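The values are calculated or read from the model by the stated rules, or taken from the named source; none is laboratory data. What you see is a predicted model, and the numbers here were worked out from it, not measured in a lab. Backbone-built Cβ (ideal geometry, glycine too); neighbour counts: all protein chains shown. Accessible surface is based on the protein model in full, side chains and every heavy atom, while ligands, DNA and RNA are left aside. Shrake-Rupley method; radii C 1.70, N 1.55, O 1.52, S 1.80 Å.
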Amino acid sequence: MTFLPNPASSSRMTPDQELIDTTAQLIESEFEERLATLGQLVRIPGIAWEAFDANDLERSAEAVAQLFRATGVFDEVEVKRAVLGGIAGAPAVLASRKAKNGKPHVLLYAHHDVQPPGDADLWLSPAFEPTAKDGRIYGRGAADDKAGVITHLSAVETLKKLAGADFDLGLSIFIEGEEEAGSRTFRAFLDENKGKLAADVIIVADSMNWSPEIPALTVSLRGMVSQVIHIRTMEHAVHSGMFGGAVPDALIPLVKVLASLHDDKGNVAVKGLKSYEFEDLPYSEANLRADSSLLPEVSQIGEGGLMTRMWGKSSLTVIGIDAPSVATSSNTLMPSASAKISLRIAPGQDPHEALLLLRAHIEANVPFGARLEFGEIEEGKAFMADSSGWAAQLAKNSLGAAFGNPSVDIGIGGSIPFIADLTEVFPDAQILVTGVEDADSRAHSPNESIHLVGLRNAMVAEALFLLSANQLQAD
Ligand SMILES: [Zn+2]
């Protein structure tokens, strides 16, 4: 059964000033303590990649479980693994508490595993030693996604203190342990623990805000399709001095078909692909050039707003070509060549449909009747949040109140594959992808960090959301 708020309780959809002040003060008074806890988590290098010590991941899960046990609000807090194909996944933290008196149920998701530290020489302070500097805390996982864990913890503690330990809101916690390693058993975990995870609202605190002062909801993720193509023109290689000029080598049709994938302005030329319009945000061409290291004499590609091109439209990249290397090249007509094409697809686009459109384009554009064979494919779903529900509205109001600026909608040009699993297993749940990171967080890179103002604002926003949801009446 899906929770729908009674229109009479709609005043609860906007946190009032008294609630905002009380919440902000409480979170401020406990902020140092929260940062100390974040620091303890950063010191545990829990990495879900085979080359790293699995004991650290275990310690990381246990430390997180202990934090949620200490809140005293959950019936049970477990460290659990799902098994897929006979191999156990990484330890996740699972906790839940049932809703009472017809209130909604909220699932809080984050992940406790982190990326490997990478090159130690590039870190200005040790990767697993939390270091405060210039209003930020540096350390691997300080942002991605231990800040998400701490934000959830702070929101739950604040709910308990301000609404009383006997609050009515249903609450589940799922802190994954293998997000950075591809969430291999994520779907199996959802299926095995469906009863405890089922919720009206799922808050995924693993994205970014626009800045420490401007909050954002991540409303879309592009999906992805890839296709390997093999082109053949002859049974075997021949001398280019003898047959060149009459017989096409495989690279000519391959290069021509790859060139046909973009028009002269750099738009993706595959017909029929969907796109979605984003409002432009304060992000200039200079920002783009600086962030991407685009050379000054090279132009941008594609038409339309920058946000729309990077988040709302498809983009196509040739990510690999198999052909003789320059070092081993000879004056030969090569009989075959291959390429891998990666197509990011717009939110709202079905990946299989996109794959078929891409294939139709390729088939229509291979010249000289060269033999075309389709090889390996990948398909990853896109995500488009339904922003019309009560939870998105309440989230925007809470974010606006906490940050002091209205929330903006942002997209992500890449994908978070597990979001598709959430929408499939819980089709009726409203999914809110919220941020803890900011544009300077450098998740996955050396010198990862979290901005303290942004972190505190994120905590206040999530606490306001839970406190308000706890007061909504069902219709
Ligand atoms: Zn993350």
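Quick notes
- S183 open to solvent by less than 50 Å² (accessible area, probe 1.4 Å) and either farther than 24 Å from S441 by Cα or over 14 Å from the mean Cα position of the chain (by Cα) (or both): no
- Only one of the listed residues (S338, S260, S299) is at pLDDT 95 or above and in contact with a strand residue (DSSP E or B) (Cβ under 8 Å, 6 or more places away or on another chain). That residue is S338.
- Residues that are in a strand (DSSP E or B) and surrounded by fewer than 23 Cβ atoms within 10 Å (Cβ to Cβ), drawn from the stretch 75-93: E76, V77, E78, V79, K80, V83, L84, I87, A88
- When each of V326, V270 is tested for being of a type in the set (V, I, T) and open to solvent by 70 Å² or more (accessible area, probe 1.4 Å), the lone residue that passes is V326.
- Listed by position, the strands (runs of 3 or more DSSP E) contained in the stretch 364-475 that have at least 1 residues being outside the structural domain of D21 (by TED's automatic domain parsing) are 371-380.
- When G118 is tested against (1) part of a loop (DSSP other than H, G, I, E, B); (2) at pLDDT 95 or above, exactly one condition is not met: (2).
- Residues considered: G400, G369, G454, G413. Of these, the only one that is at pLDDT below 90 and either out of contact with any Phe, Trp or Tyr (no Cβ under 6 Å at 6 or more places or on another chain) or more than 30 Å from G245 (Cβ to Cβ) (or both) is G413.
- Restricting the stretch 162-179 to residues that are within 14 Å of the ligand (Cβ to nearest atom) and of a type in the set (A, V, I, L, M, F, W, C), the residue that is nearest to N470 (Cα to Cα) is F174.
- Close pairs from the stretch 32-51: first closer than 14 Å to E129 by Cβ, partner open to solvent by 100 Å² or more (accessible area, probe 1.4 Å), Cβ under 9 Å, at least 6 apart: I44/R59
- Identification of helices (runs of 4 or more DSSP H) wholly contained in the stretch 180-255 with 1 or more residues that are within 16 Å of the ligand (Cβ to nearest atom) and of a type in the set (A, V, I, L, M, F, W, C) yields 186-192.
- Inter-residue pairs, beta-carbon under 8 Å, first at pLDDT below 90 and in the stretch 175-186, second more than 10 Å from the ligand (Cβ to nearest atom) and open to solvent by 20 Å² or more (accessible area, probe 1.4 Å), 6+ apart: G182/P417
- G72 being farther than 21 Å from T151 by Cβ, surrounded by fewer than 16 Cβ atoms within 10 Å (Cβ to Cβ), away from the ligand (no atom under 16 Å from the Cβ) and among the small types (G, A, S): no
- Residue match in the stretch 275-292 (condition: in a loop (DSSP other than H, G, I, E, B), over 17 Å from G411 (Cα atoms) and out of contact with any strand residue (DSSP E or B) (no Cβ under 6 Å at 6 or more places or on another chain)): no
- Unique match (being of a type in the set (S, T, N, Q), more than 29 Å from L190 (Cα to Cα) and either more than 16 Å from the ligand (Cβ to nearest atom) or in the same structural domain as A143 (by TED's automatic domain parsing) (or both)) among T23, T37: T23
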